[in-house]
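Undergrad: I'd like to ask you about the structure that follows.
Every number here is computed from the coordinates shown, using simple stated rules; none is lab data. Keep in mind the model is a prediction, meaning the values are calculated, not measured. Note that we place each Cβ from the backbone using ideal geometry, even for glycine, and neighbour counts take in every protein chain shown.
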Amino acid sequence: MQFKAIIFDLDGVICHTDHYHFQAWKQLADRLGIPFNEEDNDRLRGVSRMESLNIILEKSPRLYSDQEKLAFAEEKNENYKKLLMQMTPADLPEKTLATMQELRARGLLLGIGSSSRNTKLILSRLGISDFFDAVADGTEISRSKPDPEVFLLAAEKLGVLPAEAIVVEDANAGIQAAKAGGFFAVGIAVAAGHPAADYAINSIQMLLDIIE
Ligand code: B16
Ligand code: MG
């Protein structure tokens with residue numbers, strides 16, 4: 001199969017913001033007196049902000065109104081955005097950038113498909129705001145992963161069919177989304193072990209093995 005494009009998930013694939021997500025949720029959970037640890041944090045990978053909050057609130061002794069939940073999600077995001085200001089272009093691994101440049105040199109279009117509503121801020125912190133041929137993110141979709149909406153939008157913006165594109169994902173919800181959309185799903189990190197992944201890698205450079 002001759003692929004025309006690669007759509008990358010952002011958090012956990014291009015860069016690692018999970019410790020910032022963890023710290024930001026932990027600040028909120030501590031304030032509310034809700035237990036929250038790294039294991040709970042693993043369940044939040046790739047899922048939307050509000051779904052993440054609902055997972056955290058499973059351990060809350062009390063129920064909250066929708067209005068309170070919106071305020072909590074906003075509070076976490078303010079914590080998170082402050083932490084993102086610590087990111088610099090040095091947080092983009094050199095090997096990741098070099099691999100993406102080589103993939104482009106081999107004729108592929110490169111896109112982002114991220115659930116994050118902070119995608120543009122993160123790309124800007126990494127110094128790659130204008131690097132991708134198309135970016136689809138959490139601000140443009142109504143259904144988050146495992147729904148394929150964000151990847152279908154990225155493919156549409158790139159002008160390719162799902163069957164012509166690879167999706168690279170670190171989250172199980174992302175592999176499910178990629179397969180539901182008809183993409184070739186490459187799993188990395190936790191998602192490398194997902195049974196529905198078409199191919200598993202343990203570093204971004206391994207993408208060069210499947211692209212001639
Ligand atoms: P935000 P991805 C996802 O990004 C993260 O993996 C997930 O942990 C987060 O809850 C979600 O974005 C929403 O992020 O609060 O910034 O809108 O992995 O799809 O790039
Ligand atoms: Mg991810």
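Undergrad: Go through the stretch 124-212 and name the trypsin sites (Lys or Arg not before Pro) that are in a DSSP coil and have 13 or fewer other Cβ atoms within 10 Å of their Cβ.
TA: Filter output for the stretch 124-212: R143.
Undergrad: Return the FRET efficiency for the residue pair K82, R143: r is the Cβ-Cβ distance, R0 is 30 Å, and the value is rounded to the nearest 0.05.
TA: Once rounded, the FRET efficiency stands at 0.55.
Undergrad: Could I ask something else about it? Is the C-alpha gyration tensor of the stretch 97-149 telling us rounded, prolate or oblate? Criteria: a/c under 1.5 is rounded; beyond that, a/b larger than b/c is prolate, otherwise oblate.
TA: Numbers: a/c = 2.89, a/b = 1.54, b/c = 1.88.
Judged from the Cα gyration tensor, the stretch 97-149 comes out oblate (a/c at least 1.5, b/c at or above a/b).
Undergrad: List Y64, Y80 from most exposed to least, where exposure is judged by having the fewest other Cβ atoms within 10 Å.
TA: Y64, Y80
Undergrad: Rank the residues F184, F131 as a footprinting-exposure proxy: fewest other Cβ atoms within 10 Å of their Cβ go first.
TA: F131, F184
Undergrad: Sort the stretch 94-183 into rounded, prolate or oblate with this rule: let a ≥ b ≥ c be the square roots of the eigenvalues of the Cα gyration tensor; rounded if a/c is under 1.5, and if a/c is not under 1.5, prolate when a/b is larger than b/c, oblate otherwise.
TA: Cα axes put the stretch 94-183 in the oblate bin.
Undergrad: If R₀ is 30 angstrom, what is the calculated FRET efficiency for the pair R106 and D42, using the beta carbon separation as r and rounding to 0.05?
TA: With a Förster radius of 30 Å, E is 0.35.
Undergrad: Now, a different point. Could you tell me which of N37, A154, L123 has its Cα farthest along the dipole of the stretch 1-156 towards the positive end, charges placed at Cβ (Lys, Arg +1; Asp, Glu -1), taken about the Cα centre?
TA: Towards the positive end, the residue furthest out is L123.
Undergrad: With a/c under 1.5 counting as rounded, go ahead and sort the chain into rounded, prolate or oblate using the C-alpha gyration tensor (a ≥ b ≥ c being the square roots of the eigenvalues; past the cut-off, prolate if a/b is larger than b/c, else oblate).
TA: Working: a/c = 1.98, a/b = 1.70, b/c = 1.17.
Because a/c hits 1.5 or more and a/b exceeds b/c, the chain counts as prolate.
Undergrad: For the stretch 18-84, take N as its residue count and report Rg(C-alpha) divided by 2.2 N^0.38 Å.
TA: 0.99
Undergrad: Give me the net charge for the shell around W25: Cβ to Cβ below 9 angstrom, other residues only, Lys and Arg +1, Asp and Glu -1.
TA: Residues near W25 contribute +1 overall.
Undergrad: While we're here: Name the residue, out of R117, R31, R106, whose mean-square fluctuation peaks in a Gaussian network model built on the chain with Cα pairs under 10 Å.
TA: Greatest mean-square fluctuation among the candidates belongs to R31.
Undergrad: Exactly which GluC sites (Glu not before Pro) in the stretch 42-99 are in a DSSP loop and have at most 14 other Cβ atoms within 10 Å?
TA: Of the GluC sites (Glu not before Pro), the ones in loops of the stretch 42-99 whose Cβ has at most 14 other Cβ atoms within 10 Å are E58.
Undergrad: Something else: Given Cβ point charges of +1 (Lys, Arg) and -1 (Asp, Glu) and nothing else, what value in debye, to the nearest 20, does the dipole of the stretch 72-129 about its Cα centre take? Don't skip to the answer; put the middle values down first.
TA: Numbers: 9 positive and 6 negative charges, 27 e Å.
Rounded to the nearest 20 debye, it is 120 debye.
Undergrad: Report, in debye and to the nearest 20, how large the dipole of the stretch 93-191 comes out about its Cα centre when Lys and Arg carry +1 and Asp and Glu carry -1 on their Cβ.
TA: 120
Undergrad: If you don't mind, there's one more thing I want to ask. If each residue's Cβ is checked for other Cβ atoms within 10 Å, how do D130, D30 rank with the fewest at the top?
TA: Values: D130 8, D30 11.
The fewest-first ordering by Cβ neighbours comes to D130, D30.
Undergrad: Among A24, A173, A71, which one shows the biggest mean-square fluctuation in a GNM of the chain, springs joining Cα atoms closer than 10 Å?
TA: It is A71.
Undergrad: Let me ask another. Which listed residue (Y80, H19, N54) has the Cα farthest towards the positive end of the charge dipole for the stretch 18-84, taking +1 on Lys and Arg C-beta and -1 on Asp and Glu C-beta about the Cα centre?
TA: Among Y80, H19, N54, the one farthest towards the positive end of the dipole of the stretch 18-84 is Y80.
Undergrad: Hey, got the dipole for the chain? About the Cα centre, +1 on K and R Cβ, -1 on D and E Cβ, debye to the nearest 20?
TA: Roughly 300 debye for the chain.
Undergrad: Next up: Among the listed pairs K26/K59; K26/K95; K76/K120; K26/K82; K26/K81, which have their C-alpha atoms separated by more than 21 angstrom in this model?
TA: Among K26/K59; K26/K95; K76/K120; K26/K82; K26/K81, the Cα-Cα distance tops 21 Å for K26/K95.
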